[in-house]
1. Give a quick list of chymotrypsin sites (Phe, Trp or Tyr not before Pro) in segment 94-197 that DSSP marks as loop, anything other than H, G, I, E or B, with at most 15 other Cβ atoms within 10 Å.
2. For segment 22-227, what is the percent of antiparallel DSSP beta bridges, rounded to the nearest 5?
3. Segment 54-205: D in µm²/s via Stokes-Einstein (Kirkwood Rh, Cα pairs, 37 °C, 0.692 mPa s)?
4. How much mean residue ellipticity at 222 nm does the chain get from its helices, if each DSSP H run of length 4 or more adds -39500 (n - 2.57) and you divide by all residues, to the nearest 500 deg cm²/dmol?
5. Could you state the per residue volume, in Å³, of the convex hull enclosing the Cα atoms of the chain?
6. Per residue, how many Å² of accessible area does segment 149-258 show with a 1.4 Å probe?
7. Pull up the DSSP beta bridges for the chain and report the antiparallel fraction as a percent, rounded to 5.
8. Local charge sum around LEU194 (other residues, Cβ-Cβ under 12 Å, Lys/Arg +1, Asp/Glu -1)?
Amino acid sequence: MGEFVVRGGHRLDGTVRINGAKNAVLPIMAASLLTDGPVILRDVPRIRDVAVMADVLTALGAIVERTGQSLAIDARGVDRFQVPELLMQEMRASIFVMGPLLGRLGRAAIVQPGGCAIGDRPINLHLAGFQALGAEVSEDAGGTLVVSPRLQGAEIHLSYPSVGATENLMMAAVMADGETRIRNAAMEPEVVDLAQFLERMGARIRGAGTPEIRVRGSAHLSGADHTVIPDRIESATFALAVAASGGTVRLENCLVDHLPGLWEYLRVLGCSTRFDDNDAVQVECPSEYAPRAISVYTGPYPGFATDMQAQFMAFLLKVPGVHYISERVFENRLGHAAELRRLGARITADQRVAMVYGGGLLHPGTVRAQDLRAGAGLIIAALGIPGVTHITNSAVIERGYENLAERLATLGADVTCREA
Ligand code: EPZ
């Protein structure tokens, strides 16, 4: 069991380059199953979830080779439709292979993905969408089997703009006969990046990034060479680390438009942000903040991203005042409040709403990461607390952040990640 050890109280200064987006590259890797042509993906972060997705593709018969920050995927040999149970249990994003396998082999089988720390994570919208495309879905104790010799284009209305369902259904629809309309689709930048990858393969997709996506089915898709978009949540994590520590940091390879809401909040609270036109932003933050009261509501894009809620809560502990956070995407994503209380934070929270009493004196301690974003939030809080704080269960953080300790250390933080 590993842990991050943070000796807080240091300003952060310098430059950090943001990696390719975990939540874009995972569905794009799955989409590579749709072609027997060569796929090259660039700017692929070296994180556990990418390694697991590579294992899933390999288990299905593909060949995945990494060269530096690039992956080469050859899916010519894909002939298996069952996702190995252990890999499914390790990473629920393995469900992204269902759409491509349906399109490629006419069938896909998974064991039901379990819930996780942040919620039950059902896949009913994925399965209902597959049924709308003509697939037969059967579920039993062994798992879920989806079968369709030939997918038929359909109109699908998502009752919630689910990111994963939008992506899975887009990947199935590209091989369906006729046109598919996905209404109330997710608009996240990662959905748009997947659509751009599919279009590079020859798919005909219109409306990605809007609530209605139209897909015209193709008989065959070719290989493609694609650079993954920058990880907006990693950008938010570093920006909030500076906000909690004080200092001036330049984020390179950062698309500021992918983080609506964040920069305005930082400016209102006393930070300054300078965007320059080659995908970079400089964030300058004070070591102390004037009293304010902030309300935050997470929601589907372009709302405030749920994946930066924990990091933002940690930062708000530095802002004197009473702050209100409403987590409206997942039903149990405020668990980090209890961990922050172990560092002296005054937070009252139920499963959906937290009241954060910022500006109080915090103290070092030992806390546990419940998921990768909560863990990032705990690291951010620790950066702002003089003394040594331990954040255990570091493996969940390393699922989504490449060399986080080393990269923070290059900015002047005293952070190490070690086996406990
Ligand atoms: C993606 O998860 C991301 N993961 C999550 O990031 C992110 O928090 C989430 O989108 C929301 O932005 C990846 O892209 C790999 P959803 P996903 O389907 O697709 C409910 C991280 O930290 N729902 O948009 O699973 C669901 O329970 C991770 O990087 C259904 O009810 O998110 C949740 O309450 C965490 N039925 C809400 O929708 C369904 O069939 C949003 O889920 C699907 C979802």
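1. Values: sites: PHE96, PHE130, PHE197; in loops: none.
Of the chymotrypsin sites (Phe, Trp or Tyr not before Pro), not one in the loops of segment 94-197 has a Cβ with at most 15 other Cβ atoms within 10 Å.
2. 75 percent
3. The calculation lands on 207 µm²/s.
4. On the way: 14 runs with 126 residues, N = 420.
Calculated at 222 nm, the ellipticity per residue is -8500 deg cm²/dmol.
5. Details: hull volume 51.3 nm³, N = 420.
In the chain, the Cα convex hull volume per residue is 122 Å³.
6. For segment 149-258, the solvent-accessible area averages 32 Å² per residue.
7. 75 percent
8. Here the count lands on -4.
The values are calculated or read from the model by the stated rules, or taken from the named source; none is laboratory data. Note that the coordinates shown come from a computational prediction; the quantities given were computed from them, not determined experimentally. All Cβ positions, glycine included, derive from the backbone under ideal geometry; neighbour counts span all protein chains shown. Side chains are part of the model used for accessible areas, which takes the heavy atoms of the whole protein and leaves out ligands, DNA and RNA. Shrake-Rupley method; radii C 1.70, N 1.55, O 1.52, S 1.80 Å.
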